[in-house]
Amino acid sequence: MSAQSTSSAAPARGNALALAAYVALALVAIFLAATLKFDGYILNILMQAATYTLAVFGLSVVLGLCGQINLAQAAFFGIGAYAVGLGTTDAHMPFWLCLGLGMLVSLIAGAALGASTLRLGGHYLAMVTISFQQILTLVMINAISFTHGPDGVRDIPRPQLFSGQQSYLAFCVAVLAVVGYLVWRLADTRLGRAMRAVRDNELAAGVAGIDVYRTKVTAFALCALLGGLGGGLFAGGFAYVSPDQFSFAESVVFLTMSLLGGVASPIGSAIGTGLLILIPEWLRFLKSVPGLYLAIYGLAVILIVAFMPDGIWGFVSKFFDRERPAPAPGAPLTLAPDDSGGANVLVTDKLSKHFGGLKAVDEVDIAVARGKVHALIGPNGSGKTTTLNVLSGLYSATSGSVSLDGRDITRLPAHKRTEAGLGRTFQNIRLFRTMTALENVVIGAERPGNKLIEGSSRAALEARAMAALDFVGLASRANELVTAFSYGHQRLIEIARALAANPTLLLLDEPAAGLNSTEKQSLHNLLERIAAFGLTILIIDHDMTLVSNAASHITVLNFGRRIADGESMAVLRHPDVVTAYLGAE
């Protein structure tokens, strides 16, 4: 057996054992919920914990994985609860149909709210979700003819198969186990990696081929869906719902549960929910002293959050985390850029980008020949990085056009340009900082349009990523977090991520910035090896030695305009170029 198959088999065995342990634990929990005799009070506490945890799982997706705030989870919880309550009592529909409708309405409401607000982000997003929560609460209270107003909905029936409270609790625990597993596995799927990338760095995610906006909306919709599921089961469990159960205060409770246990993990969500439900019960003996109960309760939550910023599970899991051995590199890296678009890979025609009255890029024409290294140089403030940002779709062009392999990409967003074959790195390194080097490069490898990978398995993605890391000399450290690498090595990881995507054109934005002389020499050797594949490169850098050695063609900008273009040494001796860099006598 090869080293590669051995190293890939070990994680597979570990995953199988973890799944077996999880299934065994879930079956034990379901059996205990169905057979142990609890009094009504304990059953209510367990029912609340199970249904609340489902809603908090939703926050693990939208906040833990995707980094988007949601302060309206109680609203989606309420939508699911009222769908079951009103559907079964007023419309006399089957419980399962009402539960499905509640989840569907929550999903649509979450997607609509996300689609209309997620471009805002930050505190604006928080304000909009709070407003949605408050509006829905007011509707529940005041639309008396529909929602029954403050009196709520009573005598909500359960499905016949789980009509008893004990059997219904066992059913809720089973749903909790299934959903918990799916949320746990989500992080290692393509969608989960996209969410994590968006959370860590939206710009880098976009140029890696991820549709940032759609990923955010999907995360928000999934969060709302799980809120609706939890709310629907809550209504069946307690047979009564009213507006005060789904107020803004409950959204804060859900958020606190998520942060308390560890927002990035469903295990943390379960721990935080259990604790926040149990702590008040443990402190019941203090309720005779006015204010003391709430003070101790609040202090306990504050202390946990302050001293365990990653939550309880995040703190505990550090003691169990063991770095997996890096997979052995397989076949060497291959690059097969598309060569069907003619002699020039990239052509710009009178490309301009204005910021008000500032013409950062002013009618610039560039033609990058296929299979060549083309440099774009100029003094500070000449418009080089702005040009790259317009080329990669981070900025919209004020006028002019950009063509890649004969295709007009002027109006395409960043992720669509990446899909078309554009890859880039950044002057200020942009990596996904909570991920390993391997995970960073896997995201590059699975870009849409990568004909060497598209439709392949996770093993093929990892093999491609390992080949790219091996190409830059970092394969042995593939499973280390990128924050553990030096600045120079982080830049190599960023280049490896771009190479794994098999781009048609690679844009390098000052790759030598911050590197020492040894690292610059290594970078020069790396560029030569990349160029040997026939990959077309457009590079920006201030290191004239690197530029003159690596590039066969140079375009020079000054004050946003092109002042020279041609063969490297001739351009560097051009009087206008000398003047731009050194100034007139």
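Just so you know, all these numbers are worked out from the coordinates, no wet-lab data involved. Just so you know, these numbers come straight off a predicted model, no measurement behind them. Cβ sites come from the backbone with ideal geometry, for glycine too, and all protein chains shown count toward neighbours.
Equivalent-ellipsoid semi-axes (√(5λ), Cα gyration tensor) for region 447-552, whole Å, largest first?
Working: eigenvalues 117, 63, 21 Å².
Taking √(5λ) for each Cα gyration eigenvalue gives 24, 18, 10 Å.
Under 8 Å for C-alpha pairs, at least 6 residues apart: give me the relative contact order for region 130-276, rounded to a whole percent.
30
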Helix 122-142 vs. the chain, principal-axis angle (Cα, 0 to 90°, nearest 10): 30
Farthest positive-ward along region 116-218 dipole, Cα basis, beta-carbon charges - from Ala174, Asn201, Leu136: Asn201
Computed over region 169-242, Cα set: Rg, Dmax in Å: 15.9, 50
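For the chain, what number of Lys pairs, 8 or more residues apart or on separate chains, have alpha-carbon atoms under 19 Å from each other? Don't jump to the answer; show the numbers that get you there.
On the way: Lys216/Lys416; Lys350/Lys359; Lys350/Lys384; Lys353/Lys384; Lys359/Lys384; Lys372/Lys384; Lys416/Lys451.
Lysine pairs satisfying the spacing and distance rule in the chain number 7.
Residues with beta-carbon under 13 Å from that of Val441, excluding Val441: net charge, scoring Lys, Arg +1 and Asp, Glu -1? Don't skip to the end; give the middle numbers.
Numbers: positive: Arg193, Arg447, Arg464, Arg477, Arg497; negative: Glu439, Glu446, Glu462, Asp470, Glu480, Glu494.
Taking every other residue near Val441 into account, the sum is -1.
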DSSP-assigned coil residues among trypsin sites (Lys or Arg not before Pro) in region 349-411, each with at most 16 further Cβ atoms within 10 Å: Arg411
Degrees separating the helix 40-59 axis from the principal Cα axis of the chain, which is the longest one: 20
q = 0.09 Å⁻¹: log10 I(q)/I(0) that the Debye formula gives for the chain, counting C-alpha atoms only: -0.79
Where N is the number of residues in region 344-582, Cα Rg divided by 2.2 N^0.38 Å: 0.99
Charge dipole of the chain about the Cα centre (unit charges at C-beta), most positive-ward option of Gly230, Val441, Thr425: Gly230
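In which sequence would Thr555, Thr385 go, from the one with the fewest C-beta neighbours within 10 Å to the one with the most? Spell out each step's value before the answer.
On the way: Thr555 25, Thr385 19.
Ascending number of Cβ neighbours within 10 Å: Thr385, Thr555.
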Cα principal axis extents for region 29-255, largest first, Å: 54, 42, 27
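Would you compute, from DSSP H runs of 4+ residues alone, the mean residue ellipticity of the chain at 222 nm, taking -39500 (n - 2.57) per run and dividing by the full residue count, rounded to the nearest 500?
Details: 23 runs with 327 residues, N = 585.
For the chain, the value works out to -18000 deg cm²/dmol.
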Tilt relative to the chain, helix 487-500 - C-alpha long axis, 0 to 90 degrees, to 10: 90
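Starting with the highest mean, order 190-201, 27-38, 147-158 by the number of other Cβ atoms within 10 Å, averaged over the residues of each peptide.
Ranked by mean Cβ neighbours within 10 Å, highest first: 190-201, 147-158, 27-38.
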